[in-house]
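Read the figures in this text as sums done on the coordinates, not as results from a lab. Keep in mind it's a predicted model, so treat the numbers as computed, not measured. Please note: Cβ atoms are built from the backbone with ideal geometry, for glycine as well, and neighbour counts cover all protein chains shown.
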Amino acid sequence: MKRCIRCNCLFSAATWTCPDCEYRPGLRSGILSFAPELDLQDSDYDPSAYDVLARSEAGSFWFQNRNRLISWAATKYFANPKDILEIGCGTGYVLKALREAFPAASLTATDVHIRGLQFAANRHSERLSLLQMDARAIPFRDTFDLVGCFDVLEHIDEDVAVLEEIRATLKPAGVLVLTVPQHMWLWSAADEAARHKRRYDRPELLRKLSAAGLAPVFASSFVSLLLPAMVAARRRSNSRYDLRREVDLPEIINRPFAAVTAIERLLIRAGISFPVGGSLLAVARRAG
């Protein structure tokens, strides 16, 4: 069901023109834009990061590991979703994993910046709907079996409002798969550069999910076995953080780190929930 973000009318139609107030989102670079004013600001995310990430994600152990964890969690907790939404899709790298896991599903991807959506469009030319929007005002209700939100929530002040919107967007018994950076004691120049508002601890995230009407069914830290290396890197880079250097590691480091995270994934899939780690993976189901 579509929702008019101006008057809250719910409607089913081929177009986005609201039958009550006649509001229709405009187009920016050929993409429907529900929050054009946010596309022009960078207080929550730096648009220049898309260029760096588009070149480096596919070769980075960290992004590869996160994609594999996301695919595992999504298929475990919702085996055959028909309609999938990713909020904050960035360059579309996670969409690749979702498409491989669910080749028959209908994919909708959103981001606050047109720049990111353009990269996603280039990566995924078929069966992909792209929308520029504010995650605090999602123009859908009761529509999606599966919603993904991967390292996005920490960029938004009103994180519970976003979770409430996600809950309303899910179909009954629909599933949210979520990743966030973990532990405020890991806060560093990397978080400042990324425009983070916070890093999460598990009790805080689970509490906020529950407050938004989402029942947590799984949670585990990841990048746990490499946490000492992460702590050391954060301390070294506090005064000279460089995103390119962080995501484009030399193979002599990237390859063994990939092997360590592969072991970690096996342990998580076997039922081990790590209590600490650089990031946190959570799965929650719409309650009620």
Return the ratio Rg/(2.2 N^0.38 Å) for the stretch 204-288, where Rg is computed over Cα atoms only.
1.34
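For the stretch 240-288, what is Rg from Cα atoms divided by 2.2 N^0.38 Å, rounded to two decimals? Before the final figure, lay out the partial values.
Numbers: Rg = 15.3 Å, N = 49, 2.2 N^0.38 = 9.7 Å.
It is 1.58.
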With Rg and Dmax of the Cα atoms in Å in mind, check (i) 23.2, 74; (ii) 18.4, 60; (iii) 17.5, 48 and report the label derived from this structure.
(ii)
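Which residues make up the longest stretch of the chain that has no GluC sites (Glu not before Pro) in a DSSP loop with at most 10 other Cβ atoms within 10 Å?
127-288
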Considering amide H positions built from the backbone, and no H for Pro or chain starts, which residues 5 or more places from D142, or on another chain, come under 5 Å of its amide H?
T169, L170
Length released on extending from Q41 to R6, taking residue separation times 0.36 nm less the Cα-Cα span
10.5 nm
Taking the chain, how many lysine pairs are there with alpha carbons less than 17 Å apart, if each pair must be eight or more places apart or span two chains?
5
Antiparallel versus total DSSP beta bridges in the chain: what percent is that, nearest 5?
50
How large is the helix-only mean residue ellipticity at 222 nm for the chain, computed as the sum of -39500 (n - 2.57) over DSSP H runs with n ≥ 4, divided by its residue count, in deg cm²/dmol to the nearest 500?
-11000 deg cm²/dmol
Listed residues V231, V180, V276; largest mean-square fluctuation, Gaussian network over the chain with Cα springs below 10 Å, found at V231
Please check which bits of the stretch 134-165 a label hung off Y23 would reach, taking the label as a point 7 Å along Cα-to-C-beta and the cut-off as backbone N under 15 Å.
134-141
Pairwise label distance in nanometres, R141 with M184, each label 7 Å out on the Cα-Cβ vector
3.6
Please list, in order along the stretch 102-110, the HN-Hα scalar couplings obtained from phi with the Karplus expression 6.51 cos²θ - 1.76 cosθ + 1.60 (θ = phi - 60°), rounded to whole Hz, x for Gly and Pro.
9, x, 8, 6, 8, 10, 10, 10, 10
Between L32 and residues 5 or more places away or on another chain, which pairs have amide H atoms under 5 Å apart, with H built 1.01 Å from N, and which residues are they?
Q132
Expected max-MSF residue from A105, A190, A259 in the GNM of the chain (alpha carbon, under 10 Å) is A259
Highest GNM mean-square fluctuation, the chain, Cα pairs closer than 10 Å: which of S33, S224, S48?
S48
Provide I156, I166, I272 in ascending order of the number of other Cβ atoms located within 10 Å of each residue's Cβ, fewest first.
I272, I156, I166
Calculate the spin-label point distance for A232 paired with A161, positioning each point 7 Å from the Cα along the beta-carbon direction, and give it in nanometres.
4.3
For F144, F222, F34, what ranking results if the residue with the fewest other Cβ atoms within 10 Å of its Cβ goes first?
F34, F222, F144
Using only the Cα atoms of the stretch 1-82, build the gyration tensor, take square roots of its eigenvalues as a ≥ b ≥ c, and label the shape rounded, prolate or oblate: rounded if a/c is under 1.5, else prolate if a/b is larger than b/c, else oblate.
oblate
Output wanted: per-residue J couplings in Hz (rounded whole) for the stretch 34-44, from phi through Karplus 6.51 cos²θ - 1.76 cosθ + 1.60, θ = phi - 60°, x for Gly and Pro.
9, 9, x, 5, 6, 5, 9, 10, 10, 6, 9
Once you place label points 7 Å from the Cα toward the Cβ at A13 and V260, how far apart are they in nm?
5.5
